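The values are calculated or read from the model by the stated rules, or taken from the named source; none is laboratory data. Being a predicted model, the structure only gives us computed values, none of them experimental. Please note: Cβ atoms are built from the backbone with ideal geometry, for glycine as well, and neighbour counts cover all protein chains shown.
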Amino acid sequence: MRTAITALFMLALTVPAIGKTRAATGPDEKAIRRVVQQQDDARNRGDWKALGQLFTEDADQQTSAGDWRRGRTEIEKGVAQTMGTVYKGGKYATKVERVQMVAPGVALADGAFEISNIGGGTRRGQTTYVLVKSGDQWRIAATRSMVPTPAGVTPPR
């Protein structure tokens, strides 16, 4: 009973904060953008452990191909496998267009991604990161990437 009351109280305190999103500024915005850049750099170097350290232990990632990876270890393995096969030789770049605080210590970073130098072409899409702050460290808790398709029936795979 005490746990339920505590949870209800915490929810009541959190809901107003979630409803008031604001653009991130200053040190938090810079740190969040840096984490996304470090992810691109680690991916391009093939440093899967460094990439994994940018994620929370229980992070999840949904790729633009529809793969869903759950947990830091699965993310490391999945990115390594994809970058070693389908996107071998590819260079990953993310342009963060907006960083928004959704609650204290929780941010969304939205932007565009590009994987160039793959099979003579480039893959482009949109991505969203959910980042959480623990102490003074920002980490990625979730990513969602998509490649836009025209409105209407989804083309067959």
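Which one of the conditions (1) surrounded by 16 or more Cβ atoms within 10 Å (Cβ to Cβ); (2) closer than 30 Å to residue 22 by Cβ; (3) at pLDDT 95 or above does residue 64 fail to meet, given that it meets all the rest?
Among (1) surrounded by 16 or more Cβ atoms within 10 Å (Cβ to Cβ); (2) closer than 30 Å to residue 22 by Cβ; (3) at pLDDT 95 or above, the lone unmet condition for residue 64 is (3).
Would you pick out the residues in region 46-66 that are farther than 17 Å from residue 145 by Cα and part of a strand (DSSP E or B)?
Of everything in region 46-66, those that are farther than 17 Å from residue 145 by Cα and part of a strand (DSSP E or B) turn out to be 56, 57, 58.
Is region 74-92 home to any residue that is assigned to a strand (DSSP E or B) and either surrounded by 16 or more Cβ atoms within 10 Å (Cβ to Cβ) or not small (Gly, Ala, Ser) (or both)?
Initial filter on region 74-92 (assigned to a strand (DSSP E or B)): 91-92.
With either surrounded by 16 or more Cβ atoms within 10 Å (Cβ to Cβ) or not small (Gly, Ala, Ser) (or both) added as a condition, the list becomes 91-92.
The answer is yes, given that some residue of region 74-92 is assigned to a strand (DSSP E or B) and either surrounded by 16 or more Cβ atoms within 10 Å (Cβ to Cβ) or not small (Gly, Ala, Ser) (or both).
What do you reckon, is residue 125 loosely packed, with under 14 Cβ neighbours inside 10 Å, closer than 18 Å to residue 148 by Cα and of a type outside the set (D, E, K, R)?
Values: loosely packed, with under 14 Cβ neighbours inside 10 Å: no; closer than 18 Å to residue 148 by Cα: yes; of a type outside the set (D, E, K, R): yes.
So residue 125 fails the test.
Taking only region 129-157 into account, find how many residues are assigned to a strand (DSSP E or B), more than 9 Å from the chain's Cα centre (by Cα) and closer than 16 Å to residue 113 by Cβ.
Qualifying residue count, region 129-157: 1.
For the condition in contact with a helix residue (DSSP H, G or I) (Cβ under 8 Å, 6 or more places away or on another chain) and in a strand (DSSP E or B), what is the one hit in 69, 43? Can you show your working first?
Values: 43 fails: in a strand (DSSP E or B).
Residue meeting the stated conditions: 69.
Please determine whether any residue of region 83-105 is in contact with a Ser or Thr (Cβ under 6 Å, 6 or more places away or on another chain) and over 20 Å from residue 52 (Cα atoms). First the steps, then the outcome.
In the first step, residues of region 83-105 are kept if they are in contact with a Ser or Thr (Cβ under 6 Å, 6 or more places away or on another chain); the result is 91, 100, 102.
Now drop any that are not over 20 Å from residue 52 (Cα atoms), which leaves 100, 102.
Among the residues of region 83-105, at least one is in contact with a Ser or Thr (Cβ under 6 Å, 6 or more places away or on another chain) and over 20 Å from residue 52 (Cα atoms), which makes the answer yes.
Just to check your reading of the model, which residue among 107, 59, 103, 42 is surrounded by fewer than 19 Cβ atoms within 10 Å (Cβ to Cβ) and either in contact with a His (Cβ under 9 Å, 6 or more places away or on another chain) or among the hydrophobic types (A, V, I, L, M, F, W, C) (or both)? Break it down stepwise before answering.
Numbers: 107 fails: surrounded by fewer than 19 Cβ atoms within 10 Å (Cβ to Cβ); 59 fails: surrounded by fewer than 19 Cβ atoms within 10 Å (Cβ to Cβ); 42 fails: surrounded by fewer than 19 Cβ atoms within 10 Å (Cβ to Cβ).
Residue meeting the stated conditions: 103.
Any idea which of (1) of a type outside the set (A, V, I, L, M); (2) in contact with a strand residue (DSSP E or B) (Cβ under 8 Å, 6 or more places away or on another chain); (3) loosely packed, with under 12 Cβ neighbours inside 10 Å; (4) modelled with pLDDT under 95 is the one residue 3 doesn't satisfy?
(2)
Does region 35-49 contain at least one residue that is of a type in the set (A, V, I, L, M), closer than 19 Å to residue 90 by Cβ, over 12 Å from the mean Cα position of the chain (by Cα) and modelled with pLDDT of 95 or more? Can you show your working first?
Start the filter on region 35-49 by keeping residues that are of a type in the set (A, V, I, L, M), which leaves 35-36, 42.
Of the ones still in play, those that are also closer than 19 Å to residue 90 by Cβ are 36, 42.
Then drop every residue that is not over 12 Å from the mean Cα position of the chain (by Cα), which leaves 42.
From what's left, modelled with pLDDT of 95 or more: 42.
Yes, the conditions are met somewhere in region 35-49.
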